[in-house]
Structures are given as C-alpha cells and as structure tokens.
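This report refers to the structure that appears directly beneath it.
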Amino acid sequence: MEEQLPVAQKVVRVCAAQLPTIHGQFEMTIYHDGTGQEHVCLSMGDLKGDPLLIRVHSECLSGDVFGSVRCDCRDQLTRALTSISAAGRGILIYLRQEGRGIGLTNKIQAYALQDEGLDTVDANLHLGLPVDDRSYAIAAEILVDQGVSKVRLLTNNPHKVCELRQGGIEVERVPHEATPRDENRVYLRTKADRLGHLLHVTACPATLTESAPTATGGNKAQ
Ligand SMILES: [Zn+2]
C-alpha cells in the first residue's frame, strides 16, 4: 500500500498468540505504530472470502474495563465481540486512542466539566483540546496487513467509514447502536447532534431533557 501516511502512522506487526475469551477463541496480534503505541487486532476464524465483520474500537479505560455507563463504549465492545463470535469470523481492532484521542487525564478533566453542565464537546473545547482527535488510518493499515480488503464495519460513526475507505478498504456500514442508558442518553444525543454519529437515541426522560447539556455550553442553536 502506498498511501502517503505520516511516519508516525506506519504500523509494524510485532507478535501474536492465541487468546481464548468468554466470547470464544481469538488470535491477538500486537502492532506498534511510529510513536511506540501498542494496538491490538483480535481476529477469529477465516479472514479470507466474504466481506469480514469488523469493529474498530478506540480505547476507553473507564468504560471498557470498569464498566462506566457515562458512555456506550463497553456496551459497544461487548456487542461487537458477541456479533463476531456469532458470525464465527471477524476482527476487532482496539486502537489506543483513549478519550477520543485526548488521553485519560484530559478525559477525566473533561468529565469534571461535564459534571458541572458542559456537554462532551464543549468540555473538550473549554480545555483547549480537540473535540475528536482520533485517526483510523492505523486500522486500515492493520486490515491490509491481515489480508483483509472488504469489511462490514460495525459503527455509527461516518468518519470511521470514510477513513477506512481512504486507506483502501471496501466498507459496508453495519449500524451498531447500544441500548441507551439513563446515564448516557444525553451523551449519545450529543454524539448524534454535534459529532454526526448516526444514532436514533431519543431525548426521552423529561428529567434529562430538562438538564440537557447546553446549560453552560452556549453554542448549540436549537
Ligand atoms: Zn467510553
């Protein structure tokens, strides 16, 4: 592949081993990018042939490991592994870009601001940080390395679809909506309204619409 990717995005396959999980038998492959960051490719079954069911998941320590329901990451991760397992083949790429790329410390600082009423977008802006600093070019590189060129991508994020296509992957989007929880309904609504995610979450419970995250945000028109 000859995409003109910055050196920092070139990934190298480092090692692989079998990984039996509660979702079935996977192979776990470690890739290093140009910055030394470690990324994971969890694959199951035969990767050749029909378009492969995949998920590209960005690290969320609080959600993925501790089960935080401020976001929908854990639900989406579990759902993806369950779907891949049911299909008997597929890949989950786990990218180490915590907090939409701003890192754990900044994410928790942004949470503190959200506790005071800012939404997830305005909290990042308030801290002088990008709203979304993630890149999916590395995921495309990993897929190429795994010999995968056609995928059915579990996602609600159109940017992810675009970036994988730019990386030379043929992509069909498969909607991947977790069931909203009371604790993350406003967050999901914000992802839909302000980050362009394709979600059907309703503003639902009156208490939550009343405390919608625009109270101190200011620049949300409606
Ligand atoms: Zn999360």
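The values are calculated or read from the model by the stated rules, or taken from the named source; none is laboratory data. Just so we're clear, the structure is a prediction, and the values are computed from it rather than from any experiment. Glycine also receives a Cβ, built like all others from the backbone with ideal geometry; neighbour counts cover every protein chain displayed.
In the set VAL171, VAL144, only one residue is under 30 Å from VAL12 (Cβ atoms) and either at pLDDT below 85 or assigned to a helix (DSSP H, G or I) (or both); that residue is VAL144.
Residues in region 178-191 that are over 15 Å from ASP119 (Cα atoms) and surrounded by 17 or more Cβ atoms within 10 Å (Cβ to Cβ): ALA178, PRO180. Note on region 73-91: residues that are of a type outside the set (A, V, I, L, M, F, W, C), near the ligand (Cβ under 9 Å from one of its atoms) and in contact with a strand residue (DSSP E or B) (Cβ under 9 Å, 6 or more places away or on another chain) amount to 1.
Could you please find all residues in region 137-160 being out of contact with any Phe, Trp or Tyr (no Cβ under 7 Å at 6 or more places or on another chain) and crowded, with 21+ Cβ neighbours inside 10 Å? Across region 137-160, the qualifying residues are ILE138, ALA139, ALA140, GLU141, LEU143, VAL148, VAL151, LEU153, LEU154, THR155, ASN156, ASN157.
Filtered by the rule that a residue be buried (at least 18 other Cβ atoms within 10 Å of the Cβ), away from the ligand (no atom under 16 Å from the Cβ) and under 19 Å from ILE30 (Cβ atoms), region 45-67 gives a lone residue, ILE54. On the basis of being within 12 Å of the ligand (Cβ to nearest atom), crowded, with 21+ Cβ neighbours inside 10 Å, modelled with pLDDT under 95 and not β-branched (Val, Ile, Thr), does ARG70 make the cut? In short, no. Test LEU127 against the stated conditions and say whether it is more than 16 Å from the ligand (Cβ to nearest atom), among the aliphatic types (A, V, I, L, M), free of Cβ contacts under 8 Å to residues at least 60 places away in the same chain and in contact with a helix residue (DSSP H, G or I) (Cβ under 8 Å, 6 or more places away or on another chain). Answer is yes for this residue. Within region 116-136, the residues that satisfy the criterion of being β-branched (Val, Ile, Thr) and buried (at least 16 other Cβ atoms within 10 Å of the Cβ) are THR120, VAL121.
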